[in-house]
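A.B. asks: Quick one: this structure, given as structure tokens, is what I'll be asking you about.
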Amino acid sequence: MKNIFYINDNWQFTLHPDESITELEKKTVKILKRWHNAVVPGTIHTDLIENNLIADPFYSDNEERLQWIGDSDWIYKTTFNLPQNLDTSKKIELVFEGLDTVAKILLNGKELTTSENMFRKYSFDVTNKLIAKKNVLQVEFTSNVKHAKRLETEYGKLPVALRSERVYVRKAQYSFGWDWGPAFITMGIWKNVYLLQSDDVLIENISFSTKSVRKDFAEVQVKAGLSEESSHKIKIIIEREDDRIEKEFQLKNENKFEAQIKVQNPKLWWPNGMGEPDLYNFVFQLINDDDEVIDEVNRKVGIRTVELKLEENNQPQFQFVINGKPVFAKGANWIPADTFLPRIKEDKYKRLLQFAKEANMNIVRVWGGGIYEDDKFYETCDELGLMVWQDFMFACAAYPEHREFIDNVTEEIKQNVNRLRHHPSIVIWCGNNENEWIWFQEQKKSYREMPGYKIYHEVIMQILSELDSSRPYWPSSPFGFDDDPNSEQSGNRHQWQIWSMWKDYSSVAEDKSLFVTEFGFQSPANTSTFKSVLPKDERIIQSRIFEFHNKQVEGPERLIRFLSAHLPVKTDFEDFIYLTQLNHGFAMKECLEHWRFNFPKTNGSIIWQLNDCWPVSSWALIDSDMKPKLPYYFVKQSFASQACRFVRNKNEIGIELINSETNRFEGSLKIDIILLPEGKTKTIFNEAVNLNADSITVEESLPLDEAILAGEAIYISSLYDKDKNLLHRNFYKTHEWKHLKLPEAKVKTDLKKNEIRITTDKPAFFVSIQLDKNTLGTNGMIILKGESVSLPVNTKKEKIISIDWLNRYCN
């Protein structure tokens, strides 16, 4: 068996002795050149925070005053004794699972190697370099900025969005700053460090994939790579509940293994909303001649097939097919969940991804400017039935192609494909984010002339043909078969005319995308989140610091421009946050309804973005404190398994209903008209509805009421299940909200031990409640007179932080 001895303790750090930082006082520099305690895994920024050497980087505009950290060189060191259970007569490896990024590694004063890629694991044979007591391990980090600029000078400046030097260092590109995140160019030992010794052959990588699924059995393929040639026995166990398959194979001087196994009556892995994401325990063992297990890998795996369908009836298409069934992809883009990566713990992954599932999503896209995420991320997606669109880590740029760079990324891609390929949740590999599209837009040339083209169209394709041909590969996002990589006519699309190119969300009616992998709208983080980083005198909608916490060029201006189109513009800080979040919600609703009800012409809509990495005004549905913003709840409604929308045809109004479940739906549909401004409510339609599985149904049209046309009334649709539980609610009006006179509703709340109860004397629109500790499962509600909404509360001593509704601004 193998022995692992972790070296994560007793680390210290110091500023490199040759550094002189002009931005700081000499006495501060002198303090930094002392040795201070460090945390591994960690970053230089978090270590400086823990030692009270810098203030909170997110507070106010501290970002501007802390750029010297990433511009400087730093040294980390630790001392350790050789553990007694390691035998110095046998090979001992030193393993760094993640170094950020450019570093020289020394053991007992002797240089081992250098690292230049934070996405790679580095291993070294240190058998003859270890001593019994007080081994000194030192890592000397060179500023990623200095290193990148030096290479840029050597090889030439490339067309790059944002900071051009970033493409020369294999590091999370967002850390150089993005249009939603700050520039904190981290360094440090960001993953585990350990000594590794094995008595025998090691399992280096493993894969489990589904070759086919038939009526009563599936055929799966198991592959493995070993550290050296072996004639040992292999045992494979595949089990779930009472089902167990056990197979044995004999190696014959081989360092690779491959076998196909039949699984009778398999339980399939399904995306959220289509069935259960069933998983099997998979055990792969190496067994020696004495029947001893010398190495073992345990994984959770799923049985499922995936196809990317690009044509239907001689027409372009972009559709995922899982287990033979077409899927409408409902999801969001994922960015790193914290600017400082080691602070992201398992609980944060689980909570954010659980939010995605609860919002009826079935896919998340790991964006190419971040990182190949932690194993816990993918394991959680496997468990929750969340498909993963996995980018390789290249974004918004032309990239170098010199030999050393290609060799570096080749090893990076091999390591990460080997690490991740067993996950059923990963349904597609994608070469990069927006590189071909930006090149085509800005250079007015074919993307085939783009530096970096070789990586996505040759290098990655060749690696995947060898390591993982079980799932589709797509060279970029967006990409298709037209000259313009972002064409509506083929492939997938990033819809940024809305918001970023100053078009309003109402223009989505003109969109004909086959599959939307990015689109979005902005709003600020929740008030409580922003208050933690904004000084009191900066809590003003046009203050410098509030605008500093919006990283898009003219982002603050867009917030006001698009708010003014639909809702009253209020300058009070908390009012502004409520109204802009509400407008963000309206944008999500209108876009998602358009694409979802256009299935199967449109086959997916992936929102930019699910989460944030710091307190900011951005496209995120959930802010950096893991508090859902109001648009999150609009997305949850728009992605619901059963949903309805109003469709106008001249002077008639119809209702379209969707049922995306695999079972027939029985319930009822009620349509009310609310007269303004008094709020009198009249039911004009109330009938049973029966919806086939996976169907979109059009109910008969009704004549448009004159009061609706005059802006003096609103239609409300309510879809109920057969037990009269409200599943979905929608609205229709002909005038903008800012021009309507809503009833002066009095909303009351009753917060009890286990629930909060909400009532109103007149129809109340988009009631939003923020609690101190709990996150409500429903928010932004339309509540009609006579209705009582009860929502569960799980924490004792809860309190309401704020409550708001649109009637307060439109009367």
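A.B. asks: Assess whether residue 177 counts as being touching a strand residue (DSSP E or B) at 6+ places or on another chain (Cβ under 7 Å) and either buried (at least 17 other Cβ atoms within 10 Å of the Cβ) or of a type in the set (A, V, I, L, M) (or both).
C.D. replies: Values: touching a strand residue (DSSP E or B) at 6+ places or on another chain (Cβ under 7 Å): yes; either buried (at least 17 other Cβ atoms within 10 Å of the Cβ) or of a type in the set (A, V, I, L, M) (or both): yes.
Yes: the conditions hold for residue 177.
A.B. asks: Has segment 594-606 got any residue that is without any contact (Cβ under 8 Å) to a residue 40 or more places away in the chain, within 21 Å of residue 738 (Cβ to Cβ) and surrounded by fewer than 18 Cβ atoms within 10 Å (Cβ to Cβ)?
C.D. replies: So far as segment 594-606 goes, no, none of its residues is without any contact (Cβ under 8 Å) to a residue 40 or more places away in the chain, within 21 Å of residue 738 (Cβ to Cβ) and surrounded by fewer than 18 Cβ atoms within 10 Å (Cβ to Cβ).
A.B. asks: Could you look through segment 7-54, keep only residues that are at pLDDT below 95 and among the β-branched types (Val, Ile, Thr), and pick out the one that is farthest from residue 82 (Cα to Cα)?
C.D. replies: In this case the residue turns out to be 22.
A.B. asks: Can you pull out the residues in segment 424-449 that are surrounded by fewer than 23 Cβ atoms within 10 Å (Cβ to Cβ) and part of a loop (DSSP other than H, G, I, E, B)?
C.D. replies: Across segment 424-449, the qualifying residues are 444, 445, 446.
A.B. asks: Kindly establish whether residue 355 is more than 17 Å from residue 620 (Cβ to Cβ), in contact (Cβ under 8 Å) with a residue 12 or more places away in the chain and aromatic (Phe, Trp, Tyr).
C.D. replies: Against the criterion (more than 17 Å from residue 620 (Cβ to Cβ), in contact (Cβ under 8 Å) with a residue 12 or more places away in the chain and aromatic (Phe, Trp, Tyr)), residue 355 does not qualify.
A.B. asks: Go through segment 187-211 and report how many residues are open to solvent by less than 10 Å² (accessible area, probe 1.4 Å) and outside any strand (DSSP E or B).
C.D. replies: 2
A.B. asks: Here's something else I'd like to know. Of all residues in segment 774-792 being aliphatic (A, V, I, L, M) and under 27 Å from the mean Cα position of the chain (by Cα), which is surrounded by the fewest Cβ atoms within 10 Å (Cβ to Cβ)?
C.D. replies: 776
A.B. asks: State which residue is nearest to residue 99 (Cα to Cα) when the search covers only segment 212-223 and only residues that are open to solvent by 10 Å² or more (accessible area, probe 1.4 Å) and in a strand (DSSP E or B).
C.D. replies: Filtering segment 212-223 for residues that are open to solvent by 10 Å² or more (accessible area, probe 1.4 Å) and in a strand (DSSP E or B), the one nearest to residue 99 (Cα to Cα) comes out as 223.
A.B. asks: So which residues in segment 381-395 are outside any strand (DSSP E or B) and open to solvent by less than 10 Å² (accessible area, probe 1.4 Å)?
C.D. replies: Of everything in segment 381-395, those that are outside any strand (DSSP E or B) and open to solvent by less than 10 Å² (accessible area, probe 1.4 Å) turn out to be 381, 382, 385, 386, 392, 393, 394.
A.B. asks: Go through segment 762-773 residue by residue and tally those that are open to solvent by less than 20 Å² (accessible area, probe 1.4 Å) and over 32 Å from the mean Cα position of the chain (by Cα).
C.D. replies: We begin by selecting, within segment 762-773, every residue open to solvent by less than 20 Å² (accessible area, probe 1.4 Å); these are 763-769, 771.
Filter once more, keeping what is over 32 Å from the mean Cα position of the chain (by Cα): 763-764.
Selection size over segment 762-773: 2.
A.B. asks: On to the next question. With respect to residue 588, is the statement that it is open to solvent by 10 Å² or more (accessible area, probe 1.4 Å) and within 23 Å of the chain's Cα centre (by Cα) true? Walk me through how you get there before you give the answer.
C.D. replies: Numbers: open to solvent by 10 Å² or more (accessible area, probe 1.4 Å): no; within 23 Å of the chain's Cα centre (by Cα): yes.
Answer is no for this residue.
A.B. asks: Here's something else I'd like to know. Looking only at segment 454-481, how many residues end up being open to solvent by 50 Å² or more (accessible area, probe 1.4 Å) and assigned to a helix (DSSP H, G or I)?
C.D. replies: Counting residues in segment 454-481 that are open to solvent by 50 Å² or more (accessible area, probe 1.4 Å) and assigned to a helix (DSSP H, G or I) gives 6.
A.B. asks: In addition: Which of the helices (runs of 4 or more DSSP H) found entirely inside segment 26-104 contain at least 1 residues meeting this: out of contact with any helix residue (DSSP H, G or I) (no Cβ under 8 Å at 6 or more places or on another chain), farther than 25 Å from residue 547 by Cα and open to solvent by 30 Å² or more (accessible area, probe 1.4 Å)?
C.D. replies: On the way: elements: 26-32, 44-50, 62-65, 67-70.
Fully inside segment 26-104 and qualifying: 26-32, 44-50.
A.B. asks: Next question. Could you please find all residues in segment 327-363 being assigned to a strand (DSSP E or B) and open to solvent by less than 10 Å² (accessible area, probe 1.4 Å)? Walk me through how you get there before you give the answer.
C.D. replies: To start, the set of residues in segment 327-363 that are assigned to a strand (DSSP E or B) comprises 327, 329-334, 363.
Residues satisfying the conditions are 327, 329, 331, 332, 333, 334, 363.
A.B. asks: I've got another one for you. Looking at segment 724-735, which of the residues that are surrounded by 13 or more Cβ atoms within 10 Å (Cβ to Cβ) and charged (D, E, K, R) is farthest from residue 683 (Cα to Cα)?
C.D. replies: Among them, the one singled out is 733.
A.B. asks: Residues 542, 609: which one is among the polar types (S, T, N, Q), open to solvent by 10 Å² or more (accessible area, probe 1.4 Å) and either more than 30 Å from residue 811 (Cβ to Cβ) or more than 27 Å from the chain's Cα centre (by Cα) (or both)?
C.D. replies: So the residue among 542, 609 that is among the polar types (S, T, N, Q), open to solvent by 10 Å² or more (accessible area, probe 1.4 Å) and either more than 30 Å from residue 811 (Cβ to Cβ) or more than 27 Å from the chain's Cα centre (by Cα) (or both) is 542.
Residue-wise test of (1) of a type in the set (Asp, Glu); (2) over 18 Å from residue 378 (Cβ atoms); (3) in a loop (DSSP other than H, G, I, E, B); (4) open to solvent by less than 50 Å² (accessible area, probe 1.4 Å).
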position: 247; (1), (2), (3), (4): no, yes, no, no
position: 257; (1), (2), (3), (4): no, yes, no, yes
position: 263; (1), (2), (3), (4): no, yes, no, yes
position: 266; (1), (2), (3), (4): no, yes, yes, yes
position: 271; (1), (2), (3), (4): no, no, yes, yes
position: 285; (1), (2), (3), (4): no, yes, no, yes
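A.B. asks: Going by the conditions given, is residue 433 more than 19 Å from residue 282 (Cβ to Cβ) and touching a residue at least 12 places away in the same chain (Cβ under 8 Å)? Before you say what the answer is, go through the steps one by one.
C.D. replies: On the way: more than 19 Å from residue 282 (Cβ to Cβ): yes; touching a residue at least 12 places away in the same chain (Cβ under 8 Å): yes.
Yes.
A.B. asks: How many of the residues in segment 302-316 are buried (at least 19 other Cβ atoms within 10 Å of the Cβ) and of a type outside the set (Val, Ile, Thr)? Reasoning before the result, please.
C.D. replies: Going through segment 302-316, the residues buried (at least 19 other Cβ atoms within 10 Å of the Cβ) turn out to be 302-306.
Checking the rest, the ones that are also of a type outside the set (Val, Ile, Thr) come to 302, 304.
The total comes to 2.
A.B. asks: Considering each of 636, 627 in turn, give the residue that is in contact with a helix residue (DSSP H, G or I) (Cβ under 8 Å, 6 or more places away or on another chain), surrounded by fewer than 20 Cβ atoms within 10 Å (Cβ to Cβ) and closer than 28 Å to residue 500 by Cβ. Lay out the reasoning, then the answer.
C.D. replies: On the way: 636 fails: surrounded by fewer than 20 Cβ atoms within 10 Å (Cβ to Cβ).
Unique residue meeting the criteria: 627.
A.B. asks: Please verify whether residue 408 is modelled with pLDDT of 95 or more, under 28 Å from residue 451 (Cα atoms) and surrounded by fewer than 20 Cβ atoms within 10 Å (Cβ to Cβ), treating the condition exactly as stated.
C.D. replies: On the way: modelled with pLDDT of 95 or more: yes; under 28 Å from residue 451 (Cα atoms): yes; surrounded by fewer than 20 Cβ atoms within 10 Å (Cβ to Cβ): yes.
So residue 408 fits the description; yes.
A.B. asks: Yes or no: residue 415 in a helix (DSSP H, G or I), touching a Lys or Arg at 6+ places or on another chain (Cβ under 7 Å) and open to solvent by 10 Å² or more (accessible area, probe 1.4 Å)?
C.D. replies: Judged against the criteria, residue 415 is a match.
A.B. asks: From 727, 806, 740, which residue is modelled with pLDDT of 95 or more and touching a helix residue (DSSP H, G or I) at 6+ places or on another chain (Cβ under 8 Å)?
C.D. replies: Exactly one of 727, 806, 740 is modelled with pLDDT of 95 or more and touching a helix residue (DSSP H, G or I) at 6+ places or on another chain (Cβ under 8 Å), namely 806.
A.B. asks: Would you mind stating whether residue 670 is part of a helix (DSSP H, G or I), touching an Asp or Glu at 6+ places or on another chain (Cβ under 9 Å) and open to solvent by 10 Å² or more (accessible area, probe 1.4 Å)? If you could, list the steps in order and put the result at the bottom.
C.D. replies: Details: part of a helix (DSSP H, G or I): no; touching an Asp or Glu at 6+ places or on another chain (Cβ under 9 Å): yes; open to solvent by 10 Å² or more (accessible area, probe 1.4 Å): yes.
Answer is no for this residue.
A.B. asks: Determine the pairs where a residue that is open to solvent by less than 20 Å² (accessible area, probe 1.4 Å), located within segment 133-152, has a partner that is outside any loop (DSSP other than H, G, I, E, B) and among the small types (Gly, Ala, Ser) with Cβ atoms under 7 Å apart, the partner being 6 or more residues away or on another chain.
C.D. replies: 139/103; 141/103; 143/70; 144/70; 145/70
A.B. asks: Shifting gears a bit: For segment 676-723: of the residues being outside any loop (DSSP other than H, G, I, E, B), touching a residue at least 60 places away in the same chain (Cβ under 8 Å) and open to solvent by 50 Å² or more (accessible area, probe 1.4 Å), which is farthest from residue 642 (Cα to Cα)?
C.D. replies: 681
A.B. asks: Okay, next question. Condition first: over 25 Å from residue 629 (Cα atoms) and either part of a loop (DSSP other than H, G, I, E, B) or touching a Gly at 6+ places or on another chain (Cβ under 7 Å) (or both). Can you find one or more residues in segment 767-783 that meet it? Before you say what the answer is, go through the steps one by one.
C.D. replies: First, pick out the residues of segment 767-783 that are over 25 Å from residue 629 (Cα atoms): none.
No: zero hits.
A.B. asks: Restricting attention to segment 105-132, report how many residues are open to solvent by 30 Å² or more (accessible area, probe 1.4 Å), assigned to a loop (DSSP other than H, G, I, E, B) and not aliphatic (A, V, I, L, M).
C.D. replies: Within segment 105-132, residues that are open to solvent by 30 Å² or more (accessible area, probe 1.4 Å), assigned to a loop (DSSP other than H, G, I, E, B) and not aliphatic (A, V, I, L, M) number 6.
The values are calculated or read from the model by the stated rules, or taken from the named source; none is laboratory data. Computed from a prediction, not measured in an experiment: that's the story for all the values here. Cβ atoms come from the backbone with ideal geometry, glycine included; neighbour counts cover every protein chain shown. The protein model used for the area step is the full one, side chains on, heavy atoms only, and it has no ligands, DNA or RNA in it. Shrake-Rupley method; radii C 1.70, N 1.55, O 1.52, S 1.80 Å.
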